[in-house]
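The values are calculated or read from the model by the stated rules, or taken from the named source; none is laboratory data. Keep in mind the model is a prediction, meaning the values are calculated, not measured. Counting neighbours? That spans all protein chains shown, and the Cβs are built from the backbone with ideal geometry, glycine included. Heavy atoms of the whole protein, side chains included, go into the accessibility calculation; ligands, DNA and RNA do not. Shrake-Rupley method; radii C 1.70, N 1.55, O 1.52, S 1.80 Å.
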Amino acid sequence: MTRVEIRGLKKSFGPVQALKGINLEVESGALVALLGPTGAGKTTLLKCIAGVEEPDAGDILFDGQSVLGTPPWRRDVAMFFQTYALYPHMSVYDNIAYPLKERKWGREDIDKSVKAVAEKLRIAHLLDRKDPSTLSGGEMQRVALARTLVRNPRVFLLDEPISNLDAKLREEMRTEFKRLHRELKQTIIYATPDFLEAFAVAEKVAVIKDGVILQYDTPINLMRRPKNRFVATFIGSPTINIMRGIVRRQAHGWEFSTTSLKIQLGNIGASSKLSDGSEVELAIRPQDIVLEAPKNSNSFKAKILAAERLGYETIVTLSLGDVELKAVSKGMRPYRYGDEVTINIPGDRVILFDVASGEAMY
Amino acid sequence: MVKVRAENITKIFKTLKALDNVSVTVDHGLFFCLLGPSGSGKTTLMRIIAGLETPTSGSVFFDDEDVTDLSPSERNIAMVFQFPSIYPSLNVYDNIALAIRREVKSKQDERERVRWAASLLRIEEHLNKRHHEIDFGILQRVSIAKAIVRNARVFIFDEPLSNLDTKLRESLRSEFQRIHREVGGTFIYVTHDQLEAMAIADRIGILRDGRLQQVGSPDEIYYHPVNKFVAYFIGSPTINFIDTKLKLVESKLYASVGDSHIELGEAAKFALQSRQDKLENIQLGVRPHDISISTAPVSDSIPCYVNYIESLGTVLLVELKSGSASFKCLCDAGLNVREGMQVYAVFNKEHIHVIDAETEMVII
Amino acid sequence: MANSRNNRRGRRKIVRTVLIYISAIIAVIFFIFPIYWLVATSLKTRAQAFSTPPLFVWEPTFRNFIDIFLKRQTEIEAITGQELELATGAETFFYNSFVVTFSSIAIATVIGVLAAYSFSRYKPAGTNTLMFFILSTRMLPAIVVAIPIYFFYRSLGLYNTYIGLILLYTMFNLPFAVWMMKSFFDEVPRDIEQAALVDGSNPVKVFYKIALPQVLVGLGATIGFLIINVWNEFLFALLLTERATRTVPVMIAGTRGEVGINWGLIAAIETLYILPALVLIFVLQRFLLRGMTFGTVRGAK
């Protein structure tokens, strides 16, 4: 259980700046997700924490002490690599036992630990395999995971541990990880590009893009109060709807208008930042759009362009004039292309963004 | 646009039986999805239909023509793979035009068709670019444009979205319905992602270990899965399977759930009548969103406690426990539940499946 | 209808298989024949070796092999009337070849592997320049430096010494070893070494526990190439050795019979000489095969 602090971390590879000044605090025993698209710097950050990459500037502290002077083999960290990085010339058993052998554990202790972690990950029957390359993708992933979990280090670093698995398997493993964290009670930093995974698994999520952490918050806050446009669009499935338009102050409050529609804004706390006649971007989550709503303010007629019926929800693509929006409705709805439906956009659920900076206005 | 028929296809690779007597029919103009986990045989079946493999036994028909021995080009099919297939030395326009070079009669005809395909895939602005100037997501759109621009008899897609980032996958996925409608051809689409299949297919064929499990529309497969595997594989979050004991009390059928029990509807009672003596080894299949929880006691509900909560953004996946039974339910993020709380779970009777645990067949 | 289709398929397959076998057999004959002829000649007397048309059936004799080491002095015989068999001392030449080859390859390999690993992993400043420099030495035709090296060696007292020849061969082989091994080390995924570092191994252990086992294939191939380079080397062996350090290739050139060239004898020497190389390659081959089946374990994406 170690508290990890990262201060002003910078790392460049030649002309490319992978990390531009990362600040992050992970409480001891917490599971924090590092969420970001490919190339955001997640792997680089994890490798710096592990010690296999040396940062150009900044500091990394474990329980208040800098670890930059400690080489990776003495940092007491376990890392899962996105590419699995299994040792091809060793058997499955030897792969998993390697970290323990390097730390000079006794043969009996090694055997017990390896067998225990193999049981838990349901790969005990694979321990004798001499050649890891004959394993299936899912099996390789679990062997790599076993190697990571076989010790009890200060910090666990997981780099996209389940990205390469089938959709169904990924779903199951998400739950497994949450369970694993409760059992291990260790500090875990988990990198992934999939926000659903990050939300399912972590207590707090750090959204990273282009080497900078944009927002570090709980899943609910990231959803409800994204700090900027990128966070808002990156999180949420389907992607949040964004429209560009003009805000005008009317008698009854602020109004957002595009060529196709006028939306009355509710009490969203942005009023102080708005200036009459300025251009802004308005965002509304597909889940917040009400379908088949009764007629009132902010109700519009829309045509259905597509309906994706996924079982527990239906994603509807709507067309209102020249604007295309997505909305989500519970269950399997019988919408078909061409149907007309009345929708409602709740004025108090919208989020406004400054066009130039992309910052949210609250 | 043809009707594709694969009859009794068996394919054996040395010692592995990849496909075991699989027969599938795709009516013309239909969007058919081959769905299954890795190793289920869906890719092998697709390759046999495309002509990239020959079956060990069985035949493939396009309309009434036996095409089993024909090569892919002889079959006149268009294919899109997981990775974009772009000629890097040509720009996007030429890439798409190349696909129909032999078909077009005039430059004008070519220009019209390329523009139509580009506008359908929303890539008009990239027509002049070369492959290193374009994002991966757009490249895949170009690959699709190259396929649909042709007058092919069948369009085959091999997991075209699986290598895209989530966001790109979503946006392209929702456009597939429109693309199919505009092109109007026979589409065969392979994927392991059941969300994709549910979202865009007219009909889905689920494979497992080389055997066809069920063929039907998304509705049919979702609401009436024929066996435990189909019920498990389709639907996200995964369906709950609960061991149960059935009891008939005063002409009402009850199923035990953990320490309590619920009443099953008339339909279930009817279906189980023929199995009077075999009420053993039964499982209930209930989808997480067919379960709702209430903090106050409700009739015909299961008292249980909250074991843990998984946040999925706007919804919560709540795991509930009652006795030895554990199941998950989907609820709104706003719901005020905490771990350890005592709640009452209500099951939507219309959507409960009764499964024979031994044969793994769904009874109702 | 299905039957005729299957028959068509079957027939096509048979024709293809037959064609493949015929081409393979022709290729094999093409390569094996010289060696067969060599061994055959070594078992013939001089007269038999010279016969036209060439003899394919004859009574084999092992006399040539004995003659390598024990020379029959037919002239002395003519004078004294006795059959004398003098030792030729040819064993020394074989011994010299072994010593020089083994030593130079061992040194070149050890230094080469370490250097290659440094270039590959640590990329010290000037790596690209150095690598090109190393490659350029291979573009030099050896004969260009033959005379200078001869004078160089004479003045340094390295002429006709083991060390001299070993140093020279090491110098020729080192660039090749470094270049080949570097590309093999480049193939080893960085991630695997980083995983080992995190798992608790220091860089030295990572080198010999993780990196080295993965390039065994390359190592086998490299050693194989080096053997070929040194074992058969003639020019410098000729220039820089006298009887004490002479190697077999030079000996072959100097083998003359009393009456013209004794092809049978030469063939025998050569047969004997290629034997160790064949054996070594055979051993390395199995090594190479084993290395190749490990493959690389990549996270499929």
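Kindly establish whether residue B:169 is surrounded by 19 or more Cβ atoms within 10 Å (Cβ to Cβ), in contact with a helix residue (DSSP H, G or I) (Cβ under 9 Å, 6 or more places away or on another chain), basic (Lys, Arg) and without any contact (Cβ under 8 Å) to a residue 60 or more places away in the chain. Yes, satisfied. Among the residues of the stretch A:7-44, those that are touching a Cys at 6+ places or on another chain (Cβ under 8 Å) and under 17 Å from residue A:189 (Cα atoms) comprise A:9, A:19.
None of C:143, C:149 is among the hydrophobic types (A, V, I, L, M, F, W, C) and either surrounded by 13 or more Cβ atoms within 10 Å (Cβ to Cβ) or at pLDDT below 85 (or both) except C:149. Filter the stretch A:305-322 for residues that are within 16 Å of residue A:260 (Cβ to Cβ) and open to solvent by less than 20 Å² (accessible area, probe 1.4 Å); which is modelled with the lowest pLDDT? Only one residue fits best here, namely A:320. Scanning the stretch A:102-114 for residues that are out of contact with any Gly (no Cβ under 6 Å at 6 or more places or on another chain), crowded, with 16+ Cβ neighbours inside 10 Å and in a helix (DSSP H, G or I) turns up A:110, A:113, A:114. Filtering the stretch A:201-218 to residues that are at pLDDT below 90 and either surrounded by fewer than 23 Cβ atoms within 10 Å (Cβ to Cβ) or more than 10 Å from chain B (Cβ to nearest Cβ) (or both) leaves only A:203. For residue B:208, the conditions (1) within 14 Å of chain A (Cβ to nearest Cβ); (2) crowded, with 20+ Cβ neighbours inside 10 Å; (3) charged (D, E, K, R) are fulfilled apart from (2).
Of the listed requirements (1) surrounded by fewer than 20 Cβ atoms within 10 Å (Cβ to Cβ); (2) more than 14 Å from every other protein chain (Cβ to nearest Cβ), residue B:340 misses just one: (2). Candidates are the residues of the stretch B:10-41 that are modelled with pLDDT under 90 and within 15 Å of the chain's Cα centre (by Cα); the one that is surrounded by the fewest Cβ atoms within 10 Å (Cβ to Cβ) is B:38. Within the set of pairs 6+ apart or on separate chains, which have a first residue in the stretch A:91-112 that is more than 11 Å from residue A:147 (Cβ to Cβ) and more than 11 Å from every other protein chain (Cβ to nearest Cβ), a second that is among the charged types (D, E, K, R) and open to solvent by 10 Å² or more (accessible area, probe 1.4 Å), and C-beta atoms under 9 Å apart? Pairs found: A:91/A:128; A:91/A:129; A:91/A:130; A:91/A:131; A:110/A:101. The residue that is surrounded by the most Cβ atoms within 10 Å (Cβ to Cβ), among those in the stretch B:270-301 that are of a type in the set (Ser, Thr, Tyr) and closer than 14 Å to residue B:349 by Cβ, is B:301. Scanning the stretch A:173-218 for residues that are without any contact (Cβ under 8 Å) to a residue 12 or more places away in the chain and either among the hydroxyl-bearing types (Ser, Thr, Tyr) or in contact with an Asp or Glu (Cβ under 7 Å, 6 or more places away or on another chain) (or both) turns up nothing. If you check residue C:196 against the conditions, is it without any contact (Cβ under 8 Å) to a residue 60 or more places away in the chain and in a helix (DSSP H, G or I)? In short, yes.
The requirement of being touching a residue at least 60 places away in the same chain (Cβ under 8 Å), of a type in the set (Asp, Glu) and open to solvent by 10 Å² or more (accessible area, probe 1.4 Å) is fulfilled somewhere in the stretch A:65-87, by at least one residue. Out of curiosity, is residue A:333 open to solvent by 30 Å² or more (accessible area, probe 1.4 Å) and either in a strand (DSSP E or B) or among the aromatic types (Phe, Trp, Tyr) (or both)? No: the conditions fail for residue A:333. Among the residues making up the stretch B:320-337, those that are surrounded by fewer than 18 Cβ atoms within 10 Å (Cβ to Cβ), aliphatic (A, V, I, L, M) and in contact (Cβ under 8 Å) with a residue 24 or more places away in the chain are B:335, B:337.
On the given criteria, is residue C:108 among the aliphatic types (A, V, I, L, M) and more than 24 Å from residue C:228 (Cβ to Cβ)? When the stated conditions are applied, residue C:108 does not pass them. For the stretch B:302-319, the candidate set comprises residues that are under 24 Å from the mean Cα position of the chain (by Cα) and either closer than 17 Å to residue B:239 by Cα or surrounded by fewer than 19 Cβ atoms within 10 Å (Cβ to Cβ) (or both); within that set, the residue that is nearest to the other protein chains (Cβ to nearest Cβ) is B:312.
From the set of residues in the stretch C:223-256 that are assigned to a loop (DSSP other than H, G, I, E, B) and in contact with a Ser or Thr (Cβ under 9 Å, 6 or more places away or on another chain), which is most open to solvent (accessible area, probe 1.4 Å)? Of everything passing the filter in the stretch C:223-256, C:243 is most open to solvent (accessible area, probe 1.4 Å). Residue C:201 meets each of the listed conditions (1) part of a helix (DSSP H, G or I); (2) within 14 Å of chain A (Cβ to nearest Cβ) apart from (1). Out of B:267, B:255, one residue alone is open to solvent by 40 Å² or more (accessible area, probe 1.4 Å) and away from every other protein chain (no Cβ under 14 Å). It is B:267. Among the residues of the stretch A:114-167, those identified as within 14 Å of chain B (Cβ to nearest Cβ) and under 22 Å from the mean Cα position of the chain (by Cα) are A:138, A:141, A:160, A:162, A:163, A:164, A:165, A:166, A:167. Would you pick out the residues in the stretch B:45-81 that are farther than 22 Å from residue B:150 by Cβ, open to solvent by 40 Å² or more (accessible area, probe 1.4 Å) and not in a loop (DSSP other than H, G, I, E, B)? Across the stretch B:45-81, the qualifying residues are B:57, B:66.
Which residues, counting only those in the stretch B:152-178, are within 19 Å of residue A:326 (Cα to Cα) and touching a strand residue (DSSP E or B) at 6+ places or on another chain (Cβ under 9 Å)? Correct list: B:170, B:173, B:174, B:175, B:176, B:177, B:178. No other residue among A:154, A:129, A:179, A:142 is in contact with a helix residue (DSSP H, G or I) (Cβ under 7 Å, 6 or more places away or on another chain) and basic (Lys, Arg) apart from A:129.
No other residue among C:192, C:163 is crowded, with 22+ Cβ neighbours inside 10 Å and in the same structural domain as residue C:118 (by TED's automatic domain parsing) apart from C:192.
The strands (runs of 3 or more DSSP E) found wholly in the stretch A:19-80 and carrying at least 1 residues that are within 17 Å of residue A:161 (Cβ to Cβ) occupy A:31-35, A:77-80.
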